[in-house]
1. Has region 3-19 got any residue that is farther than 15 Å from VAL115 by Cα and surrounded by 12 or more Cβ atoms within 10 Å (Cβ to Cβ)?
2. Just to be sure before I move on: is VAL52 modelled with pLDDT of 95 or more and within 14 Å of ligand 2 (Cβ to nearest atom) in the structure I sent?
3. Conditions first: (1) outside any helix (DSSP H, G or I); (2) buried (at least 20 other Cβ atoms within 10 Å of the Cβ). GLY30 passes all but one, so which condition is the exception?
4. State which residue pairs qualify: first residue over 16 Å from ALA75 (Cβ atoms) and inside region 112-123, second residue part of a loop (DSSP other than H, G, I, E, B) and among the aliphatic types (A, V, I, L, M) in any location, beta carbons under 7 Å apart, and separation of 6 or more residues or different chains.
5. Just one of VAL23, VAL14 is within 17 Å of VAL82 (Cα to Cα) and modelled with pLDDT of 95 or more; which is it?
6. Answer yes if at least one residue in region 7-19 is more than 16 Å from the chain's Cα centre (by Cα) and away from ligand 1 (no atom under 16 Å from the Cβ), and no otherwise.
7. Where residues in region 104-135 are away from ligand 2 (no atom under 14 Å from the Cβ) and of a type in the set (S, T, N, Q), which of them is surrounded by the most Cβ atoms within 10 Å (Cβ to Cβ)?
8. Could you say whether any residue in region 115-132 is in contact with a Pro (Cβ under 9 Å, 6 or more places away or on another chain), modelled with pLDDT of 95 or more, farther than 19 Å from SER68 by Cα and assigned to a loop (DSSP other than H, G, I, E, B)?
Amino acid sequence: MSTLTFGIIKPDAVRAGNQGKIVDRILAAGFNIRGMKLIHQTRKQAEGFYAVHAERPFFGELTEFMSSGPCVVLALEKENAVPAWRELMGATNPAEAAEGTLRKEFAASIGENAVHGSDSEENAAIEIAYFFSKLELV
Ligand code: ADP
Ligand code: MG
């Protein structure tokens with residue numbers, strides 16, 4: 001059964017002009033794009049989105065980065081979308097990301113790592129609702 005996940009092409013990847021290449025890779029991997037838009041988050045929005053990481057030492061750096069420029073938010077559909085998208089993204093730290101993954105190709109560091117992906121279907125639904133209204137999902 002096809003399911004949904006939530007993705008972000010992060011500000012580093014948009015700044016580098018890699019958003020088109022990443023969207024190409026998403027389509028080539030067989031995802032159906034159900035929602036897509038360019039946004040520029042405020043610091044507060046980024047803090048809300050990453051609230052689960054509020055106690056982590058990198059929270060300030062992360063929310064500053066995520067609000068530093070435009071990013072592309074995506075609602076992605078595929079069979080087992082959550083693990084399929086995490087597999088295409090690769091490991092959080094690009095130094096550990098497998099060959100052929102987006103983070104291996106496009107990420108510069110563990111903090112500025114090109115893409116975000118939900119870690120569960122439950123969180124995917126919450127994250128999609130954080131950025132998209134029903135009218136923006138096809
Ligand atoms: P993932 O994005 O792979 O699910 P996490 O949920 O653990 O990874 O972390 C969320 C985001 O926080 C990462 O994608 C990355 O941008 C940032 N981050 C994670 N660990 C670190 C770290 N040690 N130093 C700086 N930033 C980090
Ligand atoms: Mg995560």
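1. The answer is yes, given that some residue of region 3-19 is farther than 15 Å from VAL115 by Cα and surrounded by 12 or more Cβ atoms within 10 Å (Cβ to Cβ).
2. When the stated conditions are applied, VAL52 passes them.
3. (2)
4. ASN113/ALA107; ALA114/ALA107
5. Of the residues listed, the single one that is within 17 Å of VAL82 (Cα to Cα) and modelled with pLDDT of 95 or more is VAL23.
6. No, there is no match, as no residue in region 7-19 is more than 16 Å from the chain's Cα centre (by Cα) and away from ligand 1 (no atom under 16 Å from the Cβ).
7. Top of the filtered list is SER109.
8. No - not one qualifying residue is present in region 115-132.
The values are calculated or read from the model by the stated rules, or taken from the named source; none is laboratory data. The model shown is predicted, which means the values in this text are computed figures rather than measured ones. So basically every Cβ, Gly included, is an ideal-geometry build from the backbone, and we count neighbours across all protein chains shown.
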